[in-house]
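Enquirer: Structure provided below as structure tokens; questions to follow.
Laboratory data are not the source of any read-out in this text; all were calculated from the coordinates shown. Just so you know, these numbers come straight off a predicted model, no measurement behind them. Counting neighbours? That spans all protein chains shown, and the Cβs are built from the backbone with ideal geometry, glycine included.
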Protein chains: 2
Amino acid sequence: MTASTVQIPGPIDPPARLLMGPGPISAYPSVLRAMSAPLVGQYDPFMTRTMTETQQLYRAVWNTANDATVLVDGTSRAGIEAAIVSLVRPGDRVLVPVFGRFGLLLAEIAERAQAEVHTIETAWGQVFTPAAIEEAIVRVRPTLLALVQGDTSTTMNQPLDEIGAICAKHGVLFYTDATASLGGNAFEADAWGLDAATAGLQKCLGGPSGSAPITLSDRAVEVIRSRRRIEAGIREEGDPDAPDFVRSNYFDLGMILDYWGPRRLNHHTEATSMLYGARECARVLLLEGRDAVIARHERAGRAMLAGVRALGLSVFGDVAHKMNNVVAVEIPEGVPGDEARAALLTDFGIEIGTSFGPLHGRVWRIGTMGYNARQDAVLTTLAALEAVLRRYRVALPVAGGVDAAADVYRAG
Amino acid sequence: MTASTVQIPGPIDPPARLLMGPGPISAYPSVLRAMSAPLVGQYDPFMTRTMTETQQLYRAVWNTANDATVLVDGTSRAGIEAAIVSLVRPGDRVLVPVFGRFGLLLAEIAERAQAEVHTIETAWGQVFTPAAIEEAIVRVRPTLLALVQGDTSTTMNQPLDEIGAICAKHGVLFYTDATASLGGNAFEADAWGLDAATAGLQKCLGGPSGSAPITLSDRAVEVIRSRRRIEAGIREEGDPDAPDFVRSNYFDLGMILDYWGPRRLNHHTEATSMLYGARECARVLLLEGRDAVIARHERAGRAMLAGVRALGLSVFGDVAHKMNNVVAVEIPEGVPGDEARAALLTDFGIEIGTSFGPLHGRVWRIGTMGYNARQDAVLTTLAALEAVLRRYRVALPVAGGVDAAADVYRAG
């Protein structure tokens, strides 16, 4: 391929899509508008003010007083890796309770960071009791507990409210990956005793993938600061240079905090458009009201659940612990799952999700998150799903799904 | 800060800025428009087609036949770290010729990756001869040569055309960081024998920071494949699990290539809006023509150089090896550099750059890149700079800078 032989396509022109999968989902229109705002320089007063504003907005989203509340420039797993490599020294013990694919991811990232990783497991579709986690903490004596809040692979929402006190009691740092849950389910960084939490924009926050909000407690910042090293090229006489520095430059939260902090020490060049988008995600959430947005997700989730059940479909997992924003629906006998999903996409422009690992081919995952946690999106999806299922001669009550979901909205 | 006490600002509304620093610079308007296109799902046929198109476009930008031509989801230094941690095993020797801050960054990143790092240095403002690099290769016998092409800290453009043959002769992998140079200066990935090259969008490519184009030769891919490990959670029976796997999950190019390749193995969730932006950056470059864009940068750089010299200002470094797209101008005696820059920004909406390390307080860096490698941007900047310098009673020929630059454009 050379410059003279490449075929140059037209401007980007995506098809109309209603994204009702486990994420990414359709962004809020105002977030898309924010993405196209003109750029400013890295140290423009407008830029630094925008960074500071964004920190304030995310403190409210996380419900925290943590000064160290910033964005990592990358997708949600960039935030996860930044948290883990900055908090964990090689050889440190990390405990990961695994209840789905993303627990395996936390273990994987900690293992690559040369931690001694211990996992406990529960069946997919279940969550852990605080007692099970405490038992493992006592046994493993980890430096860090890394626990997913909402695992989209199973749709489960691990209760976190009692875990912080357990970690504090045993002197364990408490990190959670809230990528799939933040904004659509209760989250209390301070009240729940979190030391670190990370997320992404592409789920309930209603933005594009590519920016990872993170918040860190003072205790976490202390660990990070103890490993502080300022990179050659901008290091000055007397600057710290810890021997157990973080084995990544890009994910060294010490330098990322110096960049966001009053010293504004150059590190990466902040991804300006993603910053604008992240700011807008938090802004629309707070304008509507944090509790109101969670309630909207709760209602959309309840309506979708009622709808798929009224269609006679079974729901996977412990529904009492399901995230508000996604449901795993068993694919009915005789329906080719991927073909039916493709029909929904091609004929209706509606995307629902496939699944990973043991659930692959067994369940679809249907999301109701961010901008799409709306009555019209729920009813449209159920109507289209019903039409597609009918093609495969699944016996269904006519309009049962739509009616049941509409009832939830009518009841308020 | 809680949800109830946060002050919610208005929608993002950046001030008008003409960004004439060393980057980030003002994005092409069509790139900003692309950033706000609606999202699609991660495996939507439109998404995978857009990824494939973007790979084809970047092959033409890099001038390479490398199949492994993709984006890393992060800023330009994410691309650098991905290249280094994926190509270098702990203990491997890495040679970094340092001629500015970004050489120090490559050394820093390689050091964090636990490589045995050897540097050679030349004075800031100079570049290396091929002989000096070969001498060091023979002495150090590195696995990888990591060499910046354009170092914005000094404005120098290291000639690379003879280096690939030297590396091939000695069995050394050849990596270059072309962040600051790609699109505005000659670059020939294949003809120059590069094994890996990375960039960012925020310089001559005319987009926002946050996506890092990367291209890898077959030889580089072979090294990466030999370290292949597929993460738990999506690993299947018989999948590779090399003991010397990459010590980062996010930057494991083996997994990133599997995600972009025909297997489309889930890794991160591609940053859709950044992908749209990256695609558009390459598209506008190729529509105008790769050589035409480089020529436009060459002319704008020549005009800016003539302009600042006609204002009586001295230029830092070996001008014969200056990048087309940035010039370092000595701050005249008696002019407070940061105050004058602030006046340009506040009164004229024009940003020029400060500098790092030994040049801090000594030079300004003025860029002419991407969308802003234009006659009107060059002349406007020179007119404003003259007006600001006059405030500090610098003796200047009236309109000399503008005239000299305009002459360059008139001469063609």
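Enquirer: Measure out, as a whole number of angstrom, how far apart the alpha-carbon centroids of the stretch B:83-125 and the stretch B:192-214 sit.
Expert: Computed from Cα coordinates, the inter-centre distance equals 18 Å.
Enquirer: In addition: Using a Förster distance of 41 angstrom, determine the FRET efficiency expected from the C-beta separation of A:ALA131 and B:ALA132, and round it to 0.05.
Expert: Values: r = 65 Å, r/R0 = 1.60.
According to the calculation, E is roughly 0.05.
Enquirer: Only bridges with both residues in the protein assembly as shown count here: give the DSSP antiparallel percent, nearest 5.
Expert: On the way: 38 of 76 bridges.
Antiparallel bridges: around 50 percent, rounded to the nearest 5.
Enquirer: Between B:ALA411 and B:HIS360, 0.36 nm times their residue separation minus their Cα-Cα distance comes to what? Could you put the intermediate results ahead of the total?
Expert: Numbers: separation 51, 0.36 × 51 = 18.36 nm, distance 3.49 nm.
Residue separation times 0.36 nm, minus the Cα-Cα distance, leaves 14.9 nm.
Enquirer: Enter the angle in degrees (range 0 to 90, nearest 10) between the Cα long axis of helix B:101-112 and the first principal axis of the Cα atoms of chain B, meaning the one along which they spread out most.
Expert: Tilt relative to chain B: about 20 degrees.
Enquirer: So what's the angle, to the nearest 10 degrees on a 0 to 90 scale, between helix B:76-87 and the longest Cα principal axis of chain B?
Expert: Here the helix axis deviates by roughly 30 degrees.
Enquirer: Give the distance, in whole Å, between the Cα centre of the stretch A:316-350 and the Cα centre of the stretch B:342-407.
Expert: 58
Enquirer: Can you pull out the trypsin sites (Lys or Arg not before Pro) in the stretch A:234-265 whose DSSP state is coil and whose Cβ has at most 16 other Cβ atoms within 10 Å? Display every interim value, and only then the final one.
Expert: Details: sites: A:ARG235, A:ARG247, A:ARG263, A:ARG264; in loops: A:ARG235, A:ARG247, A:ARG263, A:ARG264.
Within the stretch A:234-265, the qualifying trypsin sites (Lys or Arg not before Pro) (loop, at most 16 other Cβ atoms within 10 Å) are A:ARG235, A:ARG263, A:ARG264.
Enquirer: Measuring from a point 7 Å out along Cα→Cβ, what nm distances, shortest first, does B:VAL319 have to its partners in the other copies?
Expert: Counterpart label points of B:VAL319 in the remaining copies fall at 7.7 nm.
Enquirer: In the protein assembly as shown, if the dipole is taken from +1 on Lys/Arg beta carbons and -1 on Asp/Glu beta carbons about the Cα centre, which of B:ALA310, A:GLY150, B:THR176 is farthest to the positive end?
Expert: B:ALA310
Enquirer: Per 10 Å bin, what percent of the C-alpha pairs of the protein assembly as shown does each bin hold, from zero upward?
Expert: Result, from short to long distances: 3, 14, 23, 26, 19, 10, 4, 1, 0 percent.
Enquirer: Which one, A:HIS267, A:VAL326, A:PHE356, is farthest towards the positive end of the dipole of the stretch A:267-412 when Lys and Arg carry +1 and Asp and Glu -1 on their Cβ?
Expert: Sorting the options by dipole projection puts first A:VAL326.
Enquirer: Skipping prolines and chain starts, which residues have an amide H placed within reach, meaning under 5 Å, of the one on A:LEU173, given they are 5 or more residues away or on another chain?
Expert: Distant-sequence amide H within range of A:LEU173: A:LEU144, A:LEU145.
Enquirer: Between copies, how close do the A:ILE8 label points come, placed 7 Å along Cα→Cβ, listed in nm from shortest?
Expert: So the distances to the same position in the other copies read 4.3 nm.
Enquirer: Taking amide H positions as placed in the peptide plane 1.01 Å from N, state which residues far from A:VAL363 in sequence (5 or more) or on other chains have amide H under 5 Å from it.
Expert: A:ILE331
Enquirer: Sticking with this structure for a sec: Could you tell me the center-to-center distance, by alpha carbons, between the stretch B:27-73 and the stretch A:275-294 in angstrom?
Expert: Going from one Cα centre to the other spans 28 Å.
Enquirer: Tell me what chain B gives for mean residue ellipticity at 222 nm when only DSSP H runs of n ≥ 4 count, each as -39,500 (n - 2.57), the sum divided by the residue total, rounded to 500 deg cm²/dmol.
Expert: Values: 13 runs with 163 residues, N = 412.
That calculation yields -12500 deg cm²/dmol at 222 nm.
Enquirer: Note the angle between two axes, namely the Cα long axis of helix A:290-310 and the longest principal axis of the Cα atoms of chain A, as a number of degrees from 0 to 90, rounded to the nearest 10.
Expert: On a 0 to 90 degree scale, this one is about 30.
Enquirer: Nothing charged except the Cβ atoms of Lys and Arg (+1) and of Asp and Glu (-1): what's the magnitude of the dipole of the stretch B:1-119 about its Cα centre? Round to the nearest 20 debye.
Expert: On the way: 9 positive and 10 negative charges, 46 e Å.
Here the stretch B:1-119 has a charge dipole of around 220 debye.
Enquirer: Report the antiparallel proportion of the DSSP beta bridges in the stretch B:29-285 as a percent, rounded to a multiple of 5. Write out the running numbers ahead of the final one.
Expert: Numbers: 11 of 28 bridges.
In the stretch B:29-285, DSSP labels about 40 percent of beta bridges as antiparallel.
Enquirer: So if each residue of separation counts as 0.36 nm, and I subtract the Cα-Cα distance between B:HIS170 and B:THR346, what length gain in nm does that give?
Expert: Values: separation 176, 0.36 × 176 = 63.36 nm, distance 5.29 nm.
Result for the pair: 58.1 nm of gain on full extension.
Enquirer: Another question about this same structure. Give the residue from A:PRO208, A:ILE230, A:ALA196 lying farthest towards the positive end of the charge dipole for the stretch A:185-265; charges sit on Cβ (+1 for Lys and Arg, -1 for Asp and Glu) and the dipole is referred to the Cα centre.
Expert: The Cα lying farthest towards the positive end belongs to A:PRO208.
Enquirer: Give the order of B:ASP376, A:ASP92, B:ASP252 when sorted by the count of other beta carbons within 10 angstrom, beginning with the fewest.
Expert: Working: B:ASP376 10, A:ASP92 17, B:ASP252 24.
So the residues, fewest neighbours to most, are B:ASP376, A:ASP92, B:ASP252.
Enquirer: Here is a further query. For A:GLU236 and B:TYR392, what is the calculated FRET efficiency with R₀ set at 35 Å and r taken between the beta-carbons, to the nearest 0.05?
Expert: 0.80
Enquirer: Taking chain A as a Gaussian network, where each spring joins two C-alpha atoms under 10 Å apart, which residue of A:ALA82, A:ALA320, A:ALA197 fluctuates the most?
Expert: So, out of A:ALA82, A:ALA320, A:ALA197, the one fluctuating most is A:ALA320.
Enquirer: Also, quick follow-up: Got the B:ALA191 label distances to the other copies yet, label 7 Å along Cα→Cβ, in nm, shortest first?
Expert: Copy-to-copy label distances for B:ALA191: 6.5 nm.
Enquirer: A:ALA292 versus B:ASP403, label points 7 Å from Cα toward the beta carbon: distance in nm?
Expert: Roughly 6.3 nm, to one decimal.
Enquirer: Can you compute the label reach from B:ARG141? Point 7 Å from Cα along the Cβ direction, backbone N cut-off under 14 Å, restricted to the stretch B:157-186.
Expert: Within reach of a label on B:ARG141: B:170-172.
Enquirer: Now for a different question. Evaluate the distance, in nm, between pseudo-label points positioned 7 Å from the Cα of A:ASP318 and of A:TYR43 along their respective Cα→Cβ axes.
Expert: Inter-label distance under the simple model: 5.3 nm.
Enquirer: Quick check: pseudo-label points 7 Å beyond the Cα along Cα→Cβ at A:THR5 and A:GLU333, how many nm apart are they?
Expert: Roughly 5.5 nm, to one decimal.
Enquirer: Additional query: Using Cα positions and a limit of under 12 Å, work out the aspartates and glutamates in reach of A:LYS169, with same-chain residues fewer than 8 apart set aside.
Expert: Result set, ordered by chain and number: A:GLU134.
Enquirer: How much FRET efficiency would the formula 1/(1 + (r/R0)^6) give for B:ASP244 and A:GLU116, where r is the Cβ-Cβ distance and R0 is 25 Å, rounded to 0.05?
Expert: Details: r = 19 Å, r/R0 = 0.74.
Between B:ASP244 and A:GLU116 the formula returns 0.85.
Enquirer: For A:LYS322, go through the lysines and keep the ones whose alpha-carbon is under 27 Å away, minus same-chain ones fewer than eight residues off.
Expert: A:LYS203
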